[in-house]
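Written below as structure tokens is the structure these notes are about.
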Amino acid sequence: MSRIAYVNGQYVPHKDAAVHIEDRGYQFADGVYEVCEVWNQHIIDMPRHFDRLDRSLRELRIAWPATRKAVEFVVKEVVRRNKVNSGLVYIQVTRGVARRDHFFPGDDVAPSIVVTARNTSPAAADRQAEAGINVVTYPENRWPRVDIKSVALLPNVLAKQHAKDNGGKEAWYIDDEGNVTEGGSTNAWIVTGEGVLVTRPADSGILRGITRAVVLDLVNREKIRFEERPFSLEEALSAREAFVTAASTLVMPVVKIDDRIVGNGHPGTVATALRHLFHTATDLQKV
Ligand code: PLP
């Protein structure tokens, strides 16, 4: 089956899908994106992802490329046309195509939109979750506006490649105070020796993850002991459990940090329970 992408009003074969060389996303990373999980032909937490997209666009003063309803329709249509059962749908909006100049172009320049979708293997992800992943630490070197889900991901690319080169699946950024901020494309969590779940507050230094928000709903519902506060690398190394969250990984246990074993070296019970319960707390929209 040939893949289909949506580019600026048209559904086109994925292999031919293209934007102009003077798209500001290409020239300046002047754009934002969202990634939603597709699960059993449902889009997970679309309202929350679209609220965050709206916020990212407003922070950068980029207009919606079409009405929110129209973009929602396109997202579902791309998932349908690609016959995605379980996988990911990607939405990117940039400030559009204009002669290269740092200043914003005029209002006559329309934002660009690209939507793609692909199947992933839930079985492979579950196998990964049963084994747990290794994370590798990396100095926090990103701009302070990581709350905006911008396509400017070069620091994340470098951190994640460093992790991969050192046997990890994810990088954990460590700030100047020795605290873990977040992963290269995930939020970071620990469960302390006393059984308290801890994650950093989303008001600075991290992206306000949608998966993180769902896990917080679950934590409240299941009455799990929880503290929202920064935690240090040292605390993570002596934690009972660690895990990461993202739409692309859901709840993914961490079993090693920089070659040091976390807890008993196996995925923890809290992370595993949260992973199993995850879709009981999400918004599901049939495609
Ligand atoms: N933090 C960063 C830097 C990310 O790139 C992502 C997802 O791409 C997340 C956290 C997790 O966000 P979400 O749960 O909305 O996927």
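The values are calculated or read from the model by the stated rules, or taken from the named source; none is laboratory data. Everything numeric in this text was worked out from a predicted model, so none of it was measured. All Cβ positions, even for glycine, are placed from backbone atoms using ideal geometry, and neighbour counts span all protein chains on display. Only protein heavy atoms, including side chains, enter the accessible area calculation; ligands, DNA and RNA are left aside. Shrake-Rupley method; radii C 1.70, N 1.55, O 1.52, S 1.80 Å.
Please list, by residue number, every one of the trypsin sites (Lys or Arg not before Pro) in region 216-271 that is coil in DSSP and has at most 11 other beta-carbon atoms within 10 Å.
LYS223
Could you run the Karplus curve 6.51 cos²θ - 1.76 cosθ + 1.60 with θ = phi - 60° over region 134-146 and give me ³J(HN,Hα) per residue in whole Hz, x for Gly and Pro?
After applying 6.51 cos²θ - 1.76 cosθ + 1.60, I find 9, 10, 10, 7, 8, x, 5, 9, 8, 5, x, 8, 6 Hz.
Within region 125-206, report the GluC sites (Glu not before Pro) that DSSP leaves as loop and that have at most 13 other Cβ atoms within 10 Å.
Those that pass, being in a loop and sparsely packed, are GLU177, GLU194.
Express the relative contact order of region 125-286 as a whole percentage, based on alpha carbon pairs under 8 Å and six or more residues apart in sequence.
That works out to 25 percent.
Taking amide H atoms as placed 1.01 Å from N in the peptide plane, list the residues 5 or more away in sequence, or in a different chain, whose amide H sits under 5 Å from that of PHE231.
When sequence neighbours closer than 5 places are left aside, the close amide H contacts are VAL180.
Could you work out what % of the accessible surface of the chain is carbon and sulfur, using a 1.4 angstrom probe and leaving DNA, RNA and ligands out of the count?
52 percent
I'd like to check one number: the per residue accessible area of the chain, probe 1.4 Å, reported in Å² as a whole number.
49 Å²
If r is the Cβ-Cβ distance from ILE21 to VAL157 and R0 is 25 Å, what FRET efficiency results, to the nearest 0.05?
0.75
Given a Förster distance of 41 Å, report the FRET efficiency between PHE103 and THR67 from their Cβ-Cβ distance, rounded to the nearest 0.05.
0.90
What percent does the relative contact order of the chain come to when contacts are Cα pairs within less than 8 Å and at least six residues apart?
Value for the chain: 19 percent.
Solvent-accessible area of PHE28, probe 1.4 Å, all protein chains present, reported in Å² to the nearest ten, please.
For PHE28, solvent-accessible area is about 60 Å².
For region 125-286, what is the charge dipole size about the Cα centre, in debye to the nearest 20, if Lys and Arg each add +1 at the Cβ and Asp and Glu each add -1 at the Cβ?
540 debye
If r is the Cβ-Cβ distance from GLU177 to ASN220 and R0 is 30 Å, what FRET efficiency results, to the nearest 0.05?
0.60
Which GluC sites (Glu not before Pro) in region 201-287 sit in a loop by DSSP (not H, G, I, E or B) and have at most 14 other Cβ atoms within 10 Å of their own Cβ?
Answer by residue number: GLU222.
Test of understanding: what is the full-extension gain from HIS279 to ASP126, defined as 0.36 nm times their sequence separation minus their Cα-Cα distance?
Difference between extended and current length: 53.7 nm.
Is the shape of region 125-286 best called rounded, prolate or oblate, per the rule: a/c under 1.5 gives rounded, else a/b larger than b/c gives prolate, else oblate, with a ≥ b ≥ c the square roots of the Cα gyration tensor eigenvalues?
rounded
Take ASN85, project a point 7 Å from its Cα along the Cβ direction, then tell me which residues of region 107-134 have their backbone nitrogen under 12 Å from it.
Flagged as within label range: 119-123.
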